[in-house]
Structures are given as structure tokens and as C-alpha cells.
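Okay, structure first, notes after.
No value in this document is a laboratory result; all are computed from the given coordinates. Everything numeric here is computed off the predicted structure, so don't read it as measured data. All Cβ positions, glycine included, derive from the backbone under ideal geometry; neighbour counts span all protein chains shown.
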Amino acid sequence: MGRPILVGYDGSPASTLALCWAVEEARLRRSSLLVCHAWHWPYPFRPVEQDVLAEVERVATHVVDEGVCRVRSLASDVGVRPRLMRGTAPTVLLQAAREAEMTVLGLRGQGGFEGLRVGSAAVQVPAHSPGPVIVVRPDATPAGGGARIVVGVDGSPASLSAFSFALDEAALRGGTVTTICCWRDWGPLAGPDWQPFVDAQAIRRGAEVRFREATSHLVSRHPDVSVGMEFVAERPQRALIDSSKDATLLVLGARGNDSPPCLLLGPVTQIALADARCPVAVIPPP
């Protein structure tokens, strides 16, 4: 048994789904769970009586204890510990993630506003976490055997780490991996972007060869996992979202090759968090 799996829990339906996913993940990895809840007074510049803070902390303690009880009712054989900390959810979870194997979150918690698609923690934690973060969506397929893991690969260090994580997940779940690399054919474009004397097919073949070479040594680590490779001429956002419709898990690197340095997460990963039809695992670069 290695480091625990961290799960953020605030009593919301989304965090309950994340808790169920984390329990199954802990079973598969023979790990323990760390149920984490953050609490803070929302008006930091207003003096607050100690008895008021004590009451807020008491309510928060009840929430994290409820999460621990849920874990024990779902899996009595999984070790579980509570972690209650004062601060915002992203800050608390990132601090606790330093000692965890991975972090599991719901798409959005109790905070935010009506109509918010992705909560702040579901963006900030994957962007800054030192380890993998799985964001569980409300329409998630339950974790278990026979899984289909989809992973996007563009040759970036984070995407290769994502491919390695996808292979590990498939091996644990007795599932398969579908690897998707998206190709944009710039050669025959008309207009100002047109490139003369370009052999588009030769460039595509070269890119596909490099794609397969970059992933072949990782595939050899799990010879029992069936790996399908798709080299498609499609926008990555569309290809990955479409492929997630019947997937158990979509795995992406935090930042790809086309990610502007000003963004916390790459644009493809941000869109996947909002629109994917299955849980999304965000993997940092090595």
C-alpha cells in the first residue's frame, strides 16, 4: 500500500460521485483514501466571533465525518482517514495532494452559481497539482472492469505521461486503451496560409511514424492491454469529445504543444473538462 488517494468531499451530489469513483480506484490500487474537506469564513475582512467560527468548523467536521462514513459503507476493506483544513477548496486540496497518489474531484461543489459548468477547484487543482487529478462528471460511467480508456497524445511530455497513466488504468480495470492523435493538414490550404511545394502526404506519414514510435516503448510495459491507435484529421477537441461518449475515462495532459503559456490548462483540456461525456483525468508533465 503506497500513498493514499485524495478525494474532495463537501456533501454535494458531484462530490458523492467522486467519492464512489475514489473508493473503486482505491480498491483497484490496494490503496487507502484521504477524504478532504475545506472550510473558511467567506468574509475575511469582517471581525468574526470565535463561537461563530467554532460553529462553522463543527458543521465542516460533520461533513467530512459523513464522507468517511460513506466510504466505510461502500467498502469496509478500504482504509480511510479524514482531512479537515481551513481555507478555500483549491488551496486545501493542493496542499493535501502533496502526500497523495492522485486526487479525485467532482465537476463542481456546493459553491459557485447556478449554471456554472465547471467549479473553480476542478480547474485550479488539475492546473497546479503535482500528481494526476480525475474530475468525475455527473453522467460518469461507474468505474469497474471492462473499461475503455481514451487518451489524447500530441507528443508533448504531459501527453506521454497521460498515455502511461491510461495504460496503468486499463491494466487495473482489465480494459482497453484508445489513443488519439489529431492531424491538421496545412499543405493544401488556400489563401494566405497556403504552403507551396509541400508534400502533405509525406508530412502526415512522418508525423504518424513519430506518433507510433513515441508510444511504442510505453505499450511494451503492458503487453496484455489492447491498444488501438487513431491518427485522425480532425480538431482534437471534437475528436476527443466524440470518443468520450462511450468511454470510461478520458486521459489528457495538463498542457499540450499548442498551449499558450498564459493559460493554467491547455485549451483542449479545458474544453474536455466542460464537455466530455465521461470522467476526465488530467496528468501533469513528468
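Electrostatic bookkeeping for Leu19 treats Lys and Arg as +1 and Asp and Glu as -1; over the other residues with beta carbon under 12 Å from its beta carbon, the sum is -2. Over all other residues within a Cβ to Cβ distance under 12 Å of Asp77, the charged ones net out to +3, with Lys and Arg as +1 and Asp and Glu as -1.
Dividing the helix sum by the residues of the chain, where each DSSP H run of 4 or more adds -39500 (n - 2.57), gives a mean residue ellipticity at 222 nm of -13000 deg cm²/dmol. Each peptide in 127-135, 171-179 receives the mean, over its residues, of other Cβ atoms within 10 Å, and ordering these scores from highest gives 127-135, 171-179.
Could you state the angle between the C-alpha long axis of helix 50-74 and the longest principal axis of the C-alpha atoms of the chain, as a value from 0 to 90 degrees rounded to the nearest 10? Long axis of 50-74 versus the principal axis of the chain: about 60 degrees.
Going by average Cβ density within 10 Å per residue, which order do the peptides 203-212, 79-88, 241-250, 14-23 take, highest to lowest? List each step's numbers first, then the result.
On the way: 203-212: 13.8, 79-88: 16.7, 241-250: 20.0, 14-23: 24.0.
Averaged packing, sorted descending, gives the order 14-23, 241-250, 79-88, 203-212.
Quick check: from the Cα gyration tensor, does region 5-136 come out rounded (a/c under 1.5), prolate or oblate? Judged from the Cα gyration tensor, region 5-136 comes out prolate (a/c at least 1.5, a/b above b/c). Other residues within the sphere of radius under 10 Å centred on the Cβ of Asp246, judged by their own Cβ, net out at +2 (K and R +1, D and E -1).
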